[in-house]
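J.: Starting off with a structure, shown below.
The values are calculated or read from the model by the stated rules, or taken from the named source; none is laboratory data. This one's a predicted model, so the numbers in the text were calculated from it and none came from an experiment. Cβ atoms come from the backbone with ideal geometry, glycine included; neighbour counts cover every protein chain shown. Side chains are part of the model used for accessible areas, which takes the heavy atoms of the whole protein and leaves out ligands, DNA and RNA. Shrake-Rupley method; radii C 1.70, N 1.55, O 1.52, S 1.80 Å.
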Amino acid sequence: MLLECVERCFGHDFRRRRLLARAPAGPLRDYLATPFPAPDAPSRETAYLALDLETTGADPARNEIVSFGWVCMDGERIDLGSARHYIVRLRGAVSDASAVIHGITDDQCQTGCHLESALAELLATLAGRVMIAHRAETERGFVGHACEAIYGGRILIPTVDTLRIAIRAKARQNRPLQRGDLRLSALRQKYRLPRYRAHNALSDALSTAELFLAQQTESVETTLLKNWLTFR
């Protein structure tokens, strides 16, 4: 409760600096040393990183990251040259159930990169940017758990969650939710965006970046970043 009161008075930058003071030297500390984008900045002028993870399950404490996919977006421009896709070398085996979803096999994982190297590159690229994700608790949970396991410190990520934006839009329109309405593919169809292969981390990251651009078009005025932003 006290920390929440302090954050309301001094902002989330206070919490970033508090975590920075406790972070060990390395990629996590370097990430936390970079100030976050200003919440009062226009959302169409902000630097973002759209992230998607494929995992072996839903629990960051028990399951592993199978692949990372991300792409940077500066204002309303998606930088395809920044796109990255990494398959991760796992400690355990890929279950048949998760392999069916993301199509990544044990053989591919055995030749993948180490989690530490993919995470370090992600943090270096994410520094000073806002993360975009669809159902962002997955990405925040797995990245946060990986930072604690590898670096021994906690991370704070300013985030735009396209799922939360869609839920708020439905509530404003007073329209009941139908099964599947909030899936990434269904929301993209609403905005007549092209269909991409699902459950590939990079294509889903690109899909999420494009969806956020489309969602911003529903605002008739210049939208401030704080209208979309959450911190965890």
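J.: Quick one: how many residues across the range 139-182 are loosely packed, with under 12 Cβ neighbours inside 10 Å and outside any helix (DSSP H, G or I)?
T.: Number of matching residues: 7.
J.: Tally up the residues in the range 9-68 that are within 17 Å of Gly152 (Cβ to Cβ) and assigned to a loop (DSSP other than H, G, I, E, B), please.
T.: Counting residues in the range 9-68 that are within 17 Å of Gly152 (Cβ to Cβ) and assigned to a loop (DSSP other than H, G, I, E, B) gives 7.
J.: Now for a separate question. Here is a list of conditions, (1) more than 17 Å from the chain's Cα centre (by Cα); (2) open to solvent by less than 80 Å² (accessible area, probe 1.4 Å), and Ala201 meets all of them except one; can you say which number that is?
T.: Failed condition: (1).
J.: Scan the range 108-131 and give yes if some residue there is in contact (Cβ under 8 Å) with a residue 40 or more places away in the chain, assigned to a loop (DSSP other than H, G, I, E, B), in contact with a strand residue (DSSP E or B) (Cβ under 9 Å, 6 or more places away or on another chain) and of a type in the set (D, E, K, R), otherwise no.
T.: yes
J.: Collect the residues in the range 183-228 that are modelled with pLDDT under 95, of a type in the set (A, V, I, L, M) and not in a helix (DSSP H, G or I), keeping them in residue-number order.
T.: Passing the criteria: Ala198, Val220, Leu224.
J.: Name the residue that is nearest to Glu139 (Cα to Cα), counting only residues in the range 39-52 that are in contact with a Lys or Arg (Cβ under 9 Å, 6 or more places away or on another chain) and surrounded by fewer than 21 Cβ atoms within 10 Å (Cβ to Cβ).
T.: Top of the filtered list is Ala47.
J.: Here's something else I'd like to know. Hey, does the range 62-73 have a residue that's open to solvent by 60 Å² or more (accessible area, probe 1.4 Å) and of a type in the set (Asp, Glu)?
T.: Within the range 62-73 (the criterion being open to solvent by 60 Å² or more (accessible area, probe 1.4 Å) and of a type in the set (Asp, Glu)), the answer is no, since none of the residues qualifies.
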